[in-house]
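Below you'll find the structure, written out as C-alpha cells, and then a few comments.
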C-alpha cells in the first residue's frame, strides 16, 4: 500500500468468501484485498488536483514518575543500599557523614543521595520531562496532480504525487515521490493491450525509535533530572551528564545526531494484451515486474552512552526482483436468457530473486558530519558484514467455473495447483479446490408479496488454500560462517546452520462460510451475517529439538489450529431528504484454538528474545497464549511466617506470586496461561451526514477481549533496575511499609529481583477510538462549471478522542521488532503512540 497513492485508487474490495479467494492460491492464505486503480472515462479529459496539509502530535504520553517522585523513589533505594552495606549506617546520615564512614572524598551515587533533591529550588539541577523534549508537532503536506480521459481507442490515467511528513518525534521523517501511468489501447475490435507503470521513491528517517532497548525505551526510562550546566559531553549540547542517571547522554541529543535513513526505489509495472478469439472467448496474457531497491544507513554517535564509547555505523543494500507471467482464457456466454456461464483457465509463473549486502563498522568517526563507513577505523567481522542471495519460484495452474440461473441460483467452483520451490522435492505441489453456492430467495415468486423485503440471499462456501510463507531454503541444510579455535588460533569455516527437512510441505487452510444478505425498504436497510470456521493443518512452525543435534529448533509441519467466528455488517439510510444520514456498522467475533500439536500434543514454548518465553502453544488454548506467573497481591511478613511460596529470597513488600504447581517455591514451572493476544471482538461504526453541500462523517472503532504483554513496561518498571532509571507512574502507589502498603499491587522500590515474567505487566488491549472526524463542503455549489467541474474542501481530525486500558506502553495495537525479528503476537517492546492529526485538504477537478 505504501507504493499506491490513495488518490489513484478507484475501489477496494475485500474477498471474504472462501471460494472467491481460493483462485488466488497461496497469496490468499491471509485473505485477499483487491485494489483497482483509476482509468480514464469517456467524455471531456479531466485534470485533478488534490492537496492536504496537516499537523500531528502524540495522542498519548506514557505516565512515568515526575522528577520529584523519581527523587523520592531513588532516595528510598539508595538509603536502603546504604543501611544494608554495613553496621551503624542509617538513612538519616548526610553525604558528608557517609563519606567519612567510607573514608572517601568523592560521591558514591549508589550509597549517597543528591541532597539538592530536597533543597528549595533544587540548585544546580534542572527537572525535565523527556517526553516533552522528544515529542514535537509533526507536519505533513501532500500534493497530487492527475489527468485522465478516453477516446474510442485510447484510455489513459496519469498522476504524480509528492508527500512530506515530519514525524511527531525528533528524528522521524518520511518523503515520497510517486507517479502512475495507466494506458490501454484498443488496436482493433478484437485486440487491446495496456501498460501500467508505478515508480515510487521514498526516504524514511528513523534513528531506531521503536523496539527492544531502542530510543523510545531510553527516553522514558531516563532519570528526569539533569545538571543545569553542560557536562563532559559538552559537544552535544546542554544537560548531558547526571551522576545519578543511567546514562551520560541526553536521549534527545542522541536522536538528533543518530542516523537511520532508508531509501526505497520501487517500480511496479504491468504489460498486458487481450484478444477476443470468438464471441465470448477472451485470451489474456500479462507480464508483471516488481523491482524493489532499498538502501539503509545507520549511524550511532559516541555520545549515545559514554563520552569514551565508540561511534558505530552500518550500511545495507537490498534488492528484490519479482517477475510474474499470467495467461488466462475466459469464456462467457448466456444461454436462453437465464443461463449465465463463465469459465476461466489459466497458468502463472512467478520467480523472485533477492540480493542482500550488509556492512558494519565501529571507531573512528571523528565527528558527526562524516558518517560514511570509510571514516571508521574498524570493519566488523563476518557476523556483521555479509552478502546473501536467494531465489524462489511459484508455478500455478488454475481454473474456475461460475454459473447463474435467472440471477437466483448461483454456483462457483475453482481449483488451483501451486508448486513452490521452498518445499522438499516430493512436496512442492499442492492442490486447492473451492466451491460456493448462493440462493437469492427474494427473486422467488412466493417472496414477491413481501413488500418490505427488497433482497434476501443465502450463501455457503468451502475452500482450501495453501501457505508457503517461509524462507527460500528452509527445507535444506544451508551453510553458515562460524569461528572456532584450533590450538589457540582462531579459524573461520562453514557448517550447516539449520536441520534439513525434505518432508516440509504446504500449510493447508480449509475455510467454511455460511452467510445471509438481507435488505429492506429498497435496501435502505441492508445487512449481512457470516459464520465461518477456518482450520489450518500442517502448520509451519519452529519447534524446539534436542540440543544434542547442535541446533535449538527446527521448522516442521506440525499441528492444527481452528479459527471460528461471525461477522455482522449493517448499513442504514436513516434520512434521505434535504438532510441525508447514513450509518454503517460492523461487529465481529473470532475465537482461536489450538486443536493438535503433533504426536503427544506436547506444549510448545515460543522462544523469546528476553528471558523466559512468555507465549505458548497448548492444545485447547488460543495460539500464542500469554504464559507467565500470576501475581496475587503483595507479600506481608505474616505471609512469609506462614510459609508462603517465595521467589528466591523475597521479603515483605515484594510481589506475592501464585504457586501454581504447589511445590512450595516460585519458579518458571509456575507459569500459567493468563490471556490471549488477539481480541475476541472488534467493531466499528460510521455516521455520515450531508446537507446543502456540507458533509460530516465520523468513525468510531474498538476492540475487546484481548491482552497485551508489555515487555516495554517490564524493561522500565521491573524491580532491581535500581535508582538510575525512571519507573511507570503506578510506582506512586508502591508498598513502602506494612503501615503504608500502597494499592496492594505495586511492590516496594527496593526489591532485588524481578526478572521473572509475571502478570505485573499484563494489560487489557481493549480500547475505543474516534478514528476520524471529517467536515467537508462542496465548493461546486458556489463555483461555476465553466471554471472547474468540481471542488471540495475538508478538514479531518484523527485519533483526537479515545480510551484504552494499556498503561504499560503507548499503543495497545503496537507491533514492533527487535533487530528485524517480529515479536510474538500480543507483546509490545516499545511501539510509538498513535498520532492525533488535524488535516486541511482540497480536491479540485477541471
| Over segment 611-675, volume per residue of the alpha carbon convex hull, in Å³ | 89 Å³
| field | Gain upon complete extension [residue 489, residue 779; 0.36 nm per residue less C-alpha separation] | value | 96.5 nm
| remark: Full extension between residue 42 and residue 789 adds, at 0.36 nm per residue less the Cα distance, a length in nm of 267.4 nm
| query | Using bins 5 angstrom wide from zero, how does P(r) for segment 50-138 break down, in % of all Cα pairs? | reply | 2, 11, 18, 16, 13, 10, 8, 6, 5, 4, 3, 2, 1, 1, 0, 0
| message | Contact order normalised by length for segment 52-208, with contacts defined as Cα pairs under 8 Å and 6 or more residues apart; what percent is it? | response | 19 percent
| task | Would you mind checking the tilt of helix 67-84 against the longest principal axis of the Cα atoms of the chain, expressed as 0 to 90 degrees and rounded to 10? | result | 50 degrees
| query | What's the exposure ranking of 97, 562, going from fewest to most Cβ atoms within 10 Å? | reply | 97, 562
| task | Measure of size requested: the Rg and Dmax of segment 272-357, with Cα atoms as the atom set and Å as the unit; please supply both. | result | 26.1, 86
| message | Under the 0.36 nm per residue contour assumption, what length would be gained going from the current alpha-carbon distance of residue 447 and residue 357 to full extension? | response | 25.7 nm
| query | Using the Kirkwood radius built from alpha carbon pairs, what does the Stokes-Einstein equation give as D for segment 509-661 at 25 °C and 0.890 mPa s, in µm² per second? | reply | 119 µm²/s
| query | When the label point is put 7 Å from the Cα of residue 687 along its Cα-to-beta-carbon vector, which residues of segment 771-785 have a backbone N closer than 14 Å? | reply | 771-774
| query | Once label points are set 7 Å from the Cα along Cα→Cβ at both residue 431 and residue 164, what is their separation, rounded to one decimal in nm? | reply | 5.9 nm
| task | Take every Cα pair under 8 Å in segment 615-729 that's 6+ residues apart, average their separations, divide by the length, and report that relative contact order as a whole percent. | result | 20 percent
| task | Over 41 Å, how big is the tail of the calculated P(r) for the chain, in percent of all Cα pairs? | result | 48 percent
| message | Between residue 283 and residue 800, how high is the FRET efficiency from 1/(1 + (r/R0)^6) when r is the Cβ-Cβ distance and R₀ = 51 Å? Nearest 0.05. | response | 0.45
| query | Between residue 213 and residue 669, what FRET efficiency comes out of the Förster formula 1/(1 + (r/R0)^6) with R0 = 25 Å and r the beta carbon distance, rounded to 0.05? | reply | 0.30
| For segment 709-812, what Kirkwood radius comes out of the mean inverse Cα-Cα distance, in Å? | 17.8 Å
| query | When 51, 250, 159 are ordered from fewest to most other Cβ atoms inside 10 Å of their Cβ, what list results? | reply | 51, 159, 250
| What nm distance separates the two modelled labels at residue 516 and residue 611, each placed 7 Å from Cα along Cα→Cβ? | 5.1 nm
| query | Given a Förster distance of 56 angstrom, what is the FRET efficiency for residue 648 paired with residue 846, based on the Cβ-Cβ distance and rounded to 0.05? | reply | 0.15
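Readers should treat all values here as calculations from the given coordinates under stated rules, not as data from a laboratory. Since the structure is predicted, the reported quantities are computational estimates derived from the model, not experimental observations. Heads up, the Cβs are rebuilt from the backbone with ideal geometry, glycines too, and the neighbour counts pull from every protein chain shown.
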